[in-house]
Amino acid sequence: MSLKKISKDQPEKFEFNDRNIELAKKMINNYPEGKQQSAVMSLLYIAQRQNNNWIPLAAMKYIAKFLSMPYIKVYEVATFYSMYNLTPVGKFFYQVCTTTPCMLRGAYKLVDVCKKKISNKENEISTDGNSSWMEVECLGACINAPMIQINDEYYEDLDEKKLENIIEQTMKGKTPKPGSYRGRVNSEPENNRTTLVGIKNA
Amino acid sequence: MLKLKVNDKDIEIEEGLTVLQACEQAGVEIPRFCYHEKLSIAGNCRMCLVEMEKSPKPIASCAMPAAEGMNIKTNTPLVEKARKGVMEFLLANHPLDCPVCDQGGECDLQDQSMYYGIDKSRFKENKRFVPEKYMGPLIKTQMTRCIHCTRCVRFATEVAGIPELGAIGRGEDMQITTYLEKAMESELSGNVIDLCPVGALTSKPYVFEARPWELKKTETIDVMDAVGSNIRVDTYGWEVKRVLPRINEEINEEWISDKTRYACDGLKSQRLDHPLKKINNEFKKISWKEAYEIIAEKIKITSSDKIAGFVGDLTNMETMFVTKEFFEKIIKSKNLEARDDNTYINTEERTNYLFNSQINGIEETDFILLIGANPRLEATILNARIRKNYVANKTEIYSFGDIGDQTYPYKKLLAETKIIREIYENKSEISKKILDSKKPLVIIGKSALNSKSGKFIFENMKKFLIDNKKITDEWNPLNILPVNASSVGSYDLNLVNNEENLILKKLQENDFEIVFLIGQDNLKFKKKDEFIVYIGSHGDNGAEIADVILPGATYTEQDGFFTNLEGKLQKAYRASFPPGEAKEDYKVLNELSELLKRKKLFQNKDELIDNLLNYLDLNQKKIKSKNFSSVDYIDEKIIINPIDYYYSNVIARASKTMSECRSIKTNLKKTGTEG
């Protein structure tokens, strides 16, 4: 992973909306008096949610003022963690897991599909402005490999065709159904359980 | 006390030390990059690995607290292998550009790779490239060389108090930068260059100037402010190439201010190198003999009370003493003054004009009151101590009026004299705080002493502290913050004509016929038809109005004593020599007196120094009256005078680097101290 690029087009101003100010205050209250700066990660995430899934520099300044801490400290945190987006992402943000289990199960084929269908480069918004994709490290669903995350949902047990199908749906603006695409329940075996069958809630 | 073993040698150390410090006490040197005594512990370079008994892995000695019964080994094959491994990783991405790197020859990485480096690289991949960062006109960056020790980040946040530097990204891609790449807004920023163990941060004005082994090093004293920081001046031939700090725990610890470090290029420009005479508004070169004769003629036809002398802010004590003797014995005039304004100074006792609590004492105080002082700009190094105390103890700090960002928070009082009255009449909460405090610190600055109420503020604060038994043998909370290197020395030599500086008033009324300006460029007066003799090093305000110019030397070109604001007598040593026909300052008046009285004031410099030290000795032993004279109260505002930090003296004004810093600072933002 290389150093995250900061978007060149930055909004002038950023402010939390009323609902998020409430939420931010609630987060800050989780920490003892004088340690409010600990809430910086939550606040960055709130800002990311509010601002179409990415954090502009104005938001970092705003949060620094909000928590009365130096700008550079917020900037450090935002550039350290990979799940903060510092450039605009598509409305449908594809995160393709390429860590070993997914890779063995054909994650790079999914990457090729993304390159073909969405945009040639990682972190580049598609021509219709609707979606973007990036490679990420393990998302913790190895048993359903290969998988991708679109916004907040997991799409599992994929192959090229299934992914193409998903991308076509998102291009029309529809949110596809999350979960396994081979009809599995969570991470259960494909054709029902073969072990511990006698136990009801195993 | 803890008992532990280092390399099978039993040692006893104090509690609270780290393993690295314990090893140092045992006389074992541990290589390190990120660890620095004056900064917090980071433990991220891993170079200081040592073997500890019962630990399966080597430990980072800088971050491991020493404990009873530890058995540390630093010379085993395991340690060497571990350090070699660390070094290999550090060198993996470090460019091989030592021949073109300014750090070459004094680089920690270079030195330590002599011991732990492997001769062949196993790193076949491409080396990391990091774009250069802009950090202002003083610091040149070459971030590809950075080994992520984070010393600079810790220095900026902890000591300098400007959390502007940070490490963005992570792992191999970590980069040190300022927020949005702007110049560091600190007067201590130059110190990150010394702290950087590699060539990532180097000095911009010194870039590609010289190699460390080519330079002649002279340990001397700084004169940019009254603190008297200990410095090392590096010269190449005549030129002063750079100025570095020298460790003196009592004064500057390991830091120096940017003005101290970078004003040295002002020693090369605007210099006066030949005696000059003004003929029809144009300066013509003349010989020393001619110059002396012109001045001697003038003195002979002028009555002695029409001759006045003003001593400047960078003048050493020898020169001041010669001037004093010259005026008292040759001219027989008392019109001699070292101040350039109406600063109130009571020279009856030495403690009346010193920083009595001492710079070290700042760390012990539990309450600080600033009266008309802006320590960040008037004494940067001293301000770093105040911040050090604040960081350690969260000390309460009060100031009269808004004095801008001081790198620590302070509470603002109304900047009016009536607050002073309330304090000494015991009506203010501040007086209670001072009385409750064990070791309070009252710092009276130049802005307060220079106002009409200067005498009122000083005398009443002093009386208040004496009456409440706050001034004891162990602790004297009354502190004056002089701003010039020569200030305390000139008070010691009694170069203060009276409280109100009548001589300056007379000068402004054009009452004198001959005026000697000895390195004095800061006087505010309109010249009429005085005959002005300027003795000094730079063509500045003083030389501009002079009729005869006698070229002198700067602090790096002559030996000279300076007394710092605590009253410590320190000697500055000559590192270079005066340019052209210029002479050491003390010689000029000494030779002039030979022409006037056929005898030099002092036969040689030793005689001068003996006399000077004798005078200082006698002066300090003299018992003086301690009467308090009541002072009339004037209701007025204490105005904090604006300070042109980067332009405060002739050397700084001649310096290109200082001009750059100044223009950046004035464009960036207002500090609130503009008045």
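Read the figures in this text as sums done on the coordinates, not as results from a lab. Just so it is clear, the model here is predicted, and its values are computed rather than measured. Every residue, glycine as well, gets a Cβ built from its backbone with ideal geometry; the counts of neighbours run over all protein chains shown.
Quick look at the values:
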| read-out | value |
| --- | --- |
| Once the Cα gyration tensor of segment B:248-299 is diagonalised, semi-axes √(5λ) in Å | 40, 15, 9 |
| Residues whose placed amide H lies under 5 Å from that of A:Ile55, excluding near-sequence neighbours | A:Asn85, A:Leu86, A:Thr87 |
| Lysine pair count for segment A:18-116 [Cα-Cα under 15 Å; pairs on different chains or 8 or more apart] | 7 |
| Computed [θ] at 222 nm, helices only, for the protein assembly as shown once each DSSP H run of length n ≥ 4 contributes -39500 (n - 2.57) | -8500 deg cm²/dmol |
| Selection of trypsin sites (Lys or Arg not before Pro), segment B:465-525, meeting DSSP coil and at most 15 other Cβ within 10 Å | B:Lys469, B:Lys524 |
| Directionally averaged shadow of segment A:58-202, computed from the convex hull of its alpha-carbon atoms, nm² | 11.6 nm² |
| Likely footprinting exposure, B:Ile664, B:Ile330, fewest C-beta neighbours within 10 Å first | B:Ile664, B:Ile330 |
| Amide H within-cut-off set for B:Arg232, under 5 Å, with H built and near neighbours excluded | B:Thr220, B:Leu244, B:Arg246 |
| Computed over chain B: relative contact order in percent, which uses C-alpha pairs under 8 Å that are six or more apart | 15 percent |
| Formal net charge of residues neighbouring B:Glu51 (Cβ-Cβ distance under 13 Å; K, R +1; D, E -1) | +3 |
| Separation of alpha-carbon centers, segment A:24-48 and segment B:417-468, rounded to whole Å | 43 Å |
| Relative contact order for segment A:1-151, counting Cα pairs under 8 Å that sit 6 or more residues apart, in percent | 21 percent |
| Rg over Rh, two decimals, segment B:530-587 (C-alpha only, Kirkwood Rh) | 1.06 |
| Whole-Hz ³J(HN,Hα) from phi, Karplus 6.51 cos²θ - 1.76 cosθ + 1.60, for segment A:22-38, glycine and proline x | 4, 4, 4, 5, 5, 4, 5, 5, 5, 10, x, 3, x, 10, 4, 4, 4 |
| Summed residue charge, Cβ within 12 Å of B:Ile609's Cβ, Lys/Arg positive, Asp/Glu negative | -3 |
| Residue-count net charge about B:Glu660 - beta-carbon cut-off 15 Å; Lys, Arg +1, Asp, Glu -1 | +4 |
| Burial ordering of B:Ile643, B:Ile72, fewest other beta-carbon atoms within 10 Å first | B:Ile643, B:Ile72 |
| Cα-derived Rg to Rh of chain B, Kirkwood definition | 1.01 |
| B:Trp255, A:Trp54 arranged by Cβ crowding within 10 Å, fewest neighbours leading | A:Trp54, B:Trp255 |
| In segment B:170-266, the GluC sites (Glu not before Pro) that fall in loop regions by DSSP, at most 14 other Cβ within 10 Å | B:Glu249, B:Glu250 |
| Qualifying trypsin sites (Lys or Arg not before Pro) for segment A:21-76 [loop in DSSP, other Cβ within 10 Å: at most 12] | A:Lys35 |
| Relative contact order of segment B:183-286, defined on C-alpha pairs under 8 angstrom at six or more residues apart (%) | 21 percent |
| Ordering of B:604-613, B:80-89, B:313-322, B:134-143 by packing [mean C-beta count within 10 Å, highest first] | B:313-322, B:134-143, B:80-89, B:604-613 |
| Those lysines that a straight Cα-Cα span of less than 20 Å connects to B:Lys289, excepting residues fewer than 8 apart in one chain | B:Lys277, B:Lys278, B:Lys298, B:Lys300, B:Lys583, B:Lys587, B:Lys597, B:Lys599, B:Lys600 |
| Peptide B:167-173 - average C-beta neighbours from other chains (10 Å radius) | 6 |
